[in-house]
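Provided herewith is a single structure, encoded as structure tokens, for subsequent inquiry.
The values are calculated or read from the model by the stated rules, or taken from the named source; none is laboratory data. Since this is a predicted model, take the numbers as computed values, not measurements. Virtual Cβ from ideal backbone geometry, glycine too; neighbours counted across all protein chains shown.
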Amino acid sequence: MPLFPASFVEDLKSHLDIVQIVGERVQLRKAGAASWKGLCPFHGERTPSFHVHGDRQFFHCFGCGESGDVFKFVQKLDTLTFPDAVRQLAGRAGMTVPEPEDARADAESAREREALLKVHEVAAAWFKAQLATAAGRGALRGSARTWPRRGFPTPFCSGAVSSPSTSSSSRATGSATG
């Protein structure tokens with residue numbers, strides 16, 4: 001479920017003028033009927049390559065390739081998340097941000113998600129430690145020989161796999177025990 005209804009985000013965008021918002025942070029000069037240009041706030045430059053299009057409500061820098069709408073500009077410049085940028089711009093436009101009715105359920109869901117992410121981090125660390133053992137290195141050597149035939153990329157552990165041309169005696173005897 002999205003944090004904000006799409007209709008609210010579109011309505012908010014229609015109440016905002018990207019030229020005015022960008023113009024408060026960047027010195028812009030008219031460069032056409034509905035175009036403005038200035039020095040890019042995202043990278044250092046001497047010649048203006050940052051363009052703002054008021055009729056289509058987006059910006060683009062030909063120097064660094066950064067582009068987007070008014071939300072992206074505020075996010076990038078103020079290092080905000082999308083929800084925080086929406087809240088900031090809604091406050092500026094005098095609009096009330098619709099908060100989800102089930103905010104408590106969302107908070108519970110967020111706590112559950114954080115707990116699951118922590119479990120995954122612990123599991124990943126454990127598996128990484130296992131692959132660093134002698135048995136794990138042996139398993140990786142065997143995987144390096146069989147993964148490409150199965151269509152998988154070779155293991156990503158740098159230095160763990162010496163080469164697939166190692167002796168197959170350890171695989172045949174099953175000496176990869178931990």
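Within region 38-46, does at least one residue satisfy the condition of being free of Cβ contacts under 8 Å to residues at least 24 places away in the same chain and under 21 Å from Leu12 (Cβ atoms)?
No, the conditions are met nowhere in region 38-46.
Turning to a different aspect of this structure: What are the residues in region 73-94 that are touching a Leu at 6+ places or on another chain (Cβ under 6 Å) and more than 13 Å from Ile21 (Cα to Cα), if any?
Pro83, the sole residue that qualifies.
Can you find, within region 15-37, the residue that is surrounded by the fewest Cβ atoms within 10 Å (Cβ to Cβ) among those that are touching a residue at least 40 places away in the same chain (Cβ under 8 Å) and within 17 Å of Lys76 (Cβ to Cβ)?
Arg25
Further, regarding this structure: Looking at region 1-40, which of its residues are under 20 Å from Ser67 (Cβ atoms), part of a loop (DSSP other than H, G, I, E, B) and aliphatic (A, V, I, L, M)?
Hits for region 1-40 are Leu16, Val26, Leu28, Ala31, Ala33, Ala34, Leu39.
Out of Ala110, Ala93, I need the residue that is farther than 30 Å from Val26 by Cβ and either exposed (fewer than 13 other Cβ atoms within 10 Å of the Cβ) or at pLDDT below 95 (or both). Which one?
The unique qualifying residue is Ala110.
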